[in-house]
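Encoded as structure tokens, the structure appears first; notes follow it.
The values are calculated or read from the model by the stated rules, or taken from the named source; none is laboratory data. These numbers were taken from a predicted model, which means no experiment stands behind them. In this analysis, Cβ positions are derived from the backbone assuming ideal geometry, glycine residues included, and neighbour counts consider all displayed protein chains.
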Amino acid sequence: MFPQKALLTPPRLSNEKSLKTLVENRTVYSLNHCELNLFETYQASELVPLKFNDLVVTSMLRGKKVMHLFDDPEFDYLPGETVVIPSNVEMKIDFPEATTHNPTQCLALAIDQKKIADTLHFLNERYPKEGNFWHLDYQNYFFYNNVDLAATINKLIKECMSSALTKDALADLTLQELLIRIIQTQTVKSIDQDAPDQNNAIAQVVEYIRKNLRENISLKGLSDKACMSTTSFYRFFKRELGMSPIEFVLSEKIKCAKKLLKDPSLQINEVCFLSGFEDCNYFIRLFKKYEGITPKQYQLLHIN
């Protein structure tokens with residue numbers, strides 16, 4: 001939920017002598033149900049086409065691309081960001097800053113469609129959602145990596161590049177985790193973008209949290225709002241969004257604080273209390289933990 005992007009651990013770049021091309025040089029690791037492609041580009045290029053037969057999860061590792069995808073406006077693609085692309089959809093890519101000293105590196109994980117279907121079927125059978133199904137949302141195809149998603153992708157890179165005899169089995173388990181993390185991340189983004197659905201328990205709770213950040217929000221109070229027991233609500237919330245209710249409350253407070261900090265007339269202690277924190281020292285520590293800088297530094301960076 002925090003806008004800060006969790007970066008992946010980039011694999012080592014190819015040896016210069018092994019490069020077959022300076023634009024989208026490709027290294028492939030093939031497993032039973034997925035294929036990891038590592039692409040490196042060492043010179044500026046425009047509108048380089050790329051398409052896969054399977055659904056592909058791409059994540060930036062180094063450098064900058066500009067993506068042309070669907071009929072949407074082009075967008076910068078940077079480390080800490082992920083794009084999910086359906087099968088047989090062509091993307092076109094610009095590399096405006098790529099050089100031999102500043103290459104781009106991106107992973108593209110092609111996943112077998114049957115593996116995706118089996119995983120979604122398993123989730124819908126074992127962990128059914130109220131009034132909805134586990135599914136990939138192709139409208140929310142671009143998002144920032146959170147810590148859990150980045151950790152899962154890093155683990156999958158390690159398994160795909162491993163020489164262990166058990167790598168296919170371990171990769172299969174990690175693929176399931178990856179799909180869950182992606183769906184949870186897409187759900188959070190969807191809640192951020194869309195008007196709350198009054199028939200959706202999560203959306204109702206989220207709306208209540210956002211309207212009451214300065215109140216004493218407790219797990220019990222949120223459970224009552226959702227008409228669930230505390231235990232059931234906690235499991236339900238974490239399954240849907242990949243974070244606990246209290247973690248979500250803190251993330252909303254930090255997001256509120258970031259908006260307030262763009263007003264140079266507000267003091268840090270005012271921002272602290274207006275965004276729902278009672279202890280200014282705790283607010284400063286938490287803000288720095290998730291944003292990497294103090295509230296004052298953030299405010300100075302965003303003064304117009």
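Could you check, for region 147-158, whether at least one of its residues is more than 17 Å from VAL188 (Cα to Cα), small (Gly, Ala, Ser), part of a helix (DSSP H, G or I) and in the same structural domain as LEU61 (by TED's automatic domain parsing)?
For region 147-158, residues more than 17 Å from VAL188 (Cα to Cα), small (Gly, Ala, Ser), part of a helix (DSSP H, G or I) and in the same structural domain as LEU61 (by TED's automatic domain parsing): present.
Can you find a residue in region 174-193 that is outside any helix (DSSP H, G or I), out of contact with any His (no Cβ under 8 Å at 6 or more places or on another chain) and without any contact (Cβ under 8 Å) to a residue 24 or more places away in the chain?
no
Look through region 123-146, keep the residues that are of a type in the set (Ser, Thr, Tyr) and in a loop (DSSP other than H, G, I, E, B), and return whichever of them is surrounded by the most Cβ atoms within 10 Å (Cβ to Cβ).
Out of the qualifying residues, it is TYR141.
So CYS227 passes all but one of these: (1) at pLDDT 90 or above; (2) more than 18 Å from THR119 (Cβ to Cβ); (3) of a type in the set (A, V, I, L, M, F, W, C). Which condition number does it fail?
(1)
State whether one or more residues within region 97-117 are loosely packed, with under 14 Cβ neighbours inside 10 Å, outside any strand (DSSP E or B) and aliphatic (A, V, I, L, M).
yes
Across region 245-272, what is the number of residues that are over 25 Å from SER223 (Cα atoms), part of a helix (DSSP H, G or I) and out of contact with any helix residue (DSSP H, G or I) (no Cβ under 6 Å at 6 or more places or on another chain)?
The total comes to 3.
Does VAL83 meet the test of being surrounded by fewer than 21 Cβ atoms within 10 Å (Cβ to Cβ), under 24 Å from ASN146 (Cβ atoms) and either outside the structural domain of ARG181 (by TED's automatic domain parsing) or out of contact with any Leu (no Cβ under 6 Å at 6 or more places or on another chain) (or both)?
Yes, satisfied.
Restricting to region 201-239, give me the number of residues that are assigned to a loop (DSSP other than H, G, I, E, B), among the hydroxyl-bearing types (Ser, Thr, Tyr) and either in contact (Cβ under 8 Å) with a residue 12 or more places away in the chain or more than 15 Å from LEU250 (Cα to Cα) (or both).
The total comes to 1.
Mind checking whether some residue in region 72-94 is without any contact (Cβ under 8 Å) to a residue 12 or more places away in the chain and under 24 Å from GLN186 (Cα atoms)?
The answer is yes; a qualifying residue exists.
In region 6-47, what count of residues is obtained for those that are under 25 Å from the mean Cα position of the chain (by Cα) and within 24 Å of PHE70 (Cα to Cα)?
Within region 6-47, residues that are under 25 Å from the mean Cα position of the chain (by Cα) and within 24 Å of PHE70 (Cα to Cα) number 10.
Regarding SER59, is this residue under 28 Å from THR174 (Cα atoms), buried (at least 16 other Cβ atoms within 10 Å of the Cβ) and without any contact (Cβ under 8 Å) to a residue 40 or more places away in the chain?
So SER59 fails the test.
Quick one: would you say PRO86 is under 18 Å from the mean Cα position of the chain (by Cα) and of a type outside the set (Gly, Ala, Ser)?
Spelling it out, PRO86 is indeed under 18 Å from the mean Cα position of the chain (by Cα) and of a type outside the set (Gly, Ala, Ser).
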